[in-house]
Amino acid sequence: MAASPGAVALRVLDGKPVSDPRPGLSGLDLASLEAWLTARGEPAFRARQILDAVWGGSATSIADVTTLPRALATTLDEAFRWTTMVDETLVLADAGQTEKALHRLSDGYSIESVLMHYPARAGRKARHTLCISSQAGCAVGCPFCATGELGFTRDLETAEILDQVRSAVARLKAREDGAHLTNIVFMGMGEPLLNLDRVLESVEALNDPKRLGLGARHITVFTSGVVPGIRRLTALGPQFTLAISIHAARDALRDVLVPLNRRWPVAEVVAAARDHAVATGRRVSYEVTMIGGANDTDADADALANLLRGDLAHVNLIPMNPVAHTPWTASSMPVIEAFAARLQAVGIPVTIRRNRGQEIGAACGQLAAERAGEPAAPAVAWRRKRLEAASAKALLGERSEEPVPAGVD
Ligand code: SF4
């Protein structure tokens, strides 16, 4: 694989994609496969062979699974899809350390995943972290996010979530350095807690030793603040990490940056996250996309410090990835460091993270947005003007009068 940026065609569909009603094989667990096999008079042990091939082998289709009798492989192929997507494009950045994949679903919609490689250093082992999508598009509409600009299309099926992982695992296997997937974050396209049943099924599969077998502590589920979803997760007591895309601690500003805030204000979100941390004993992670002059002021740092003071929490500050249709740019590093210092002064642990893959638009949704085409110039100008006016009002503390985004409730 080339180590320099640029588009690499992996596999291209001929003609128009056709929606395929067969479920994806990766969405099935051992018990469901055994039930399917025994209902057809096949021995249950074949289920294990199928799962081994789906999650661990080198097969690229059901026909490649040589452990299965030919007739069974044919029946299996008629009932299920080997994969739910075509890996259409792979784009590399950061000297090959960031790989962004555009996956085309059978109904023609595109989703993205990003695989980030972190070489071993200072006593830490190498990490390979995959960021995956849970929805095609997103209803939340955060204005600094290319997916938010695309709008919501549909929830992903469990297999569509998992096949992003299988794609990355296959690419890692093809390397010669023995690299394997170490972390998965649900931070790609979509709001995971608005597709929670499928996200939970996916986490179970990723965790299942008979499938991917990744420890729950290596999985992080992000939310922009779906309070009922956080409460549901707390009741389930998961061991994966909960991360809140907080971005602002003042409601007026968060109404603009995370429009979901008009439905669940920031204090309610943090209260639910705090209860989650207490119930699970797991530290909650808070992410702030640092936007120059918009959410990086001393007042914003102090508001966040007051909100999280004393909590089992950790804050990650990430400079905004440039998104074409906003009036904003990333905060400068001295400003981010000053913001971090104000949080640290009240005992809140902070990490400043580097954004990855700027030259390929590694912020989620940017490849899909490019594919969707550039909106008309007047629409872009109107959007920028509207965001400037909204953030100016927010700095004065005025709450947004715009409605809660459709599809959020
Ligand atoms: S940042 Fe996340 S929640 Fe907000 S619009 Fe983008 S994908 Fe949706």
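The values are calculated or read from the model by the stated rules, or taken from the named source; none is laboratory data. Worth saying up front: this structure is predicted, and the values here are computed from it rather than measured. Every residue, glycine among them, receives a Cβ derived from its backbone with ideal geometry; neighbour counts consider all protein chains shown.
General observations
- Test result for G190, part of a loop (DSSP other than H, G, I, E, B), touching a Pro at 6+ places or on another chain (Cβ under 6 Å) and under 30 Å from G292 (Cα atoms): no
- Residue within the stretch 190-200 that is in the same structural domain as Q97 (by TED's automatic domain parsing), among the basic types (K, R), in contact (Cβ under 8 Å) with a residue 40 or more places away in the chain and away from the ligand (no atom under 16 Å from the Cβ) present: no
- Single residue of the stretch 107-141 satisfying the filter (surrounded by 15 or more Cβ atoms within 10 Å (Cβ to Cβ) and not in a strand (DSSP E or B)) that is farthest from the ligand (Cβ to nearest atom): Y109
Residue by residue, here is whether (1) without any contact (Cβ under 8 Å) to a residue 24 or more places away in the chain; (2) surrounded by fewer than 16 Cβ atoms within 10 Å (Cβ to Cβ); (3) assigned to a helix (DSSP H, G or I) holds:
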{"residue": "E34", "(1), (2), (3)": "yes, no, yes"}
{"residue": "E42", "(1), (2), (3)": "no, no, no"}
{"residue": "I50", "(1), (2), (3)": "no, no, yes"}
{"residue": "A59", "(1), (2), (3)": "yes, no, no"}
{"residue": "A63", "(1), (2), (3)": "yes, yes, yes"}
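- Sole residue being in contact with an Asp or Glu (Cβ under 9 Å, 6 or more places away or on another chain) and not aromatic (F, W, Y), chosen from G178, G190, G151: G190
- The strands (runs of 3 or more DSSP E) located wholly in the stretch 254-357 that include 2 or more residues which are surrounded by 16 or more Cβ atoms within 10 Å (Cβ to Cβ) occupy 284-290, 313-319.
- Look at the stretch 136-154: where a residue is more than 17 Å from R262 (Cα to Cα) and a partner is near the ligand (Cβ under 7 Å from one of its atoms) and assigned to a helix (DSSP H, G or I), sitting 6+ places away or on another chain with Cβ atoms under 9 Å, you get G137/T147; G137/G148.
- Qualifying residue in the stretch 201-212 (condition: under 16 Å from the mean Cα position of the chain (by Cα), β-branched (V, I, T), in a helix (DSSP H, G or I) and within 16 Å of the ligand (Cβ to nearest atom)): no
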